[in-house]
1. Roughly speaking, what is the stretch gain from residue 200 to residue 143, that is 0.36 nm per residue apart minus the C-alpha to C-alpha distance, in nm to one decimal?
2. Once the piece of chain linking residue 209 and residue 157 is laid out straight, how much longer is it, given 0.36 nm per residue of separation minus the C-alpha distance between them?
3. I need 201, 105 ordered by Cβ neighbour count within 10 Å, fewest first.
4. For region 55-205, state what percent of all Cα-Cα pairs lands in each successive 5 Å bin, counting from 0 Å until the bin that includes the largest distance.
5. Counting other C-beta atoms within 10 Å, which of 96, 171, 76 has the fewest, and how do the rest follow?
């Protein structure tokens, strides 16, 4: 089987840096949800944008844009140590959304990679004392995993075909799954940091039970924003691309006629 190498040219570099700059700009407004247990920390509205990075650029370039934006934002704002520990949340989100929106990533089906990432995080959660004490905490993560297993390659097919209703379904499920990956990773980092004394907060089963409705509202809201923004952006960029191709073909035919 022939595997296409990842080509990174001027256009790709420009897209990555532009999206990273957008992430930094949005982060400066500090719009988002407060993180329970970490004073002053917020889940930024950028959580709605980074899955779109992955869908538009693919898993590797999308994750690169998210990582570059997250690192730059932290340097500019003088982020805390725990914020640096959480830096992988946005690249992971973009990566998973990018995998789900592609039929294959290298030799592997994109949806299988997403299942491996999300399933691995869920399994890790159940390996902790908190996971065993609060089994219901991961109910939305299981829902995301089930959605991936049900739709599989159809998510990528819907995006490729571009029918509005199908595109909406795909963007919602890609963004939802990506956000649940980011949420579980962030929770595990927070749990390890708290148990290690890096974050001064008393953790018990009741704390994580309290978080269930909180993060459910947060992540479903973030997913809704991703869909509202993502569908028109994808359709607009596809229209621009198709218009450019049409102009190119007309130019070629005119040249041939001459």
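Just so it is clear, none of the values below were taken in a lab; they were calculated from the coordinates. Every value quoted in this text rests on a predicted model; they were computed, and no experiment measured them. Please note: Cβ atoms are built from the backbone with ideal geometry, for glycine as well, and neighbour counts cover all protein chains shown.
1. Details: separation 57, 0.36 × 57 = 20.52 nm, distance 3.15 nm.
Length difference between fully extended and current span is 17.4 nm.
2. Details: separation 52, 0.36 × 52 = 18.72 nm, distance 3.74 nm.
Full extension of this stretch gives 15.0 nm more.
3. Working: 201 12, 105 21.
With the fewest neighbours first, 201, 105 line up as 201, 105.
4. Values per bin, smallest distances first: 2, 10, 17, 19, 18, 14, 11, 6, 2, 0, 0.
5. Values: 96 32, 171 27, 76 11.
Fewest-to-most Cβ neighbours within 10 Å comes out as 76, 171, 96.
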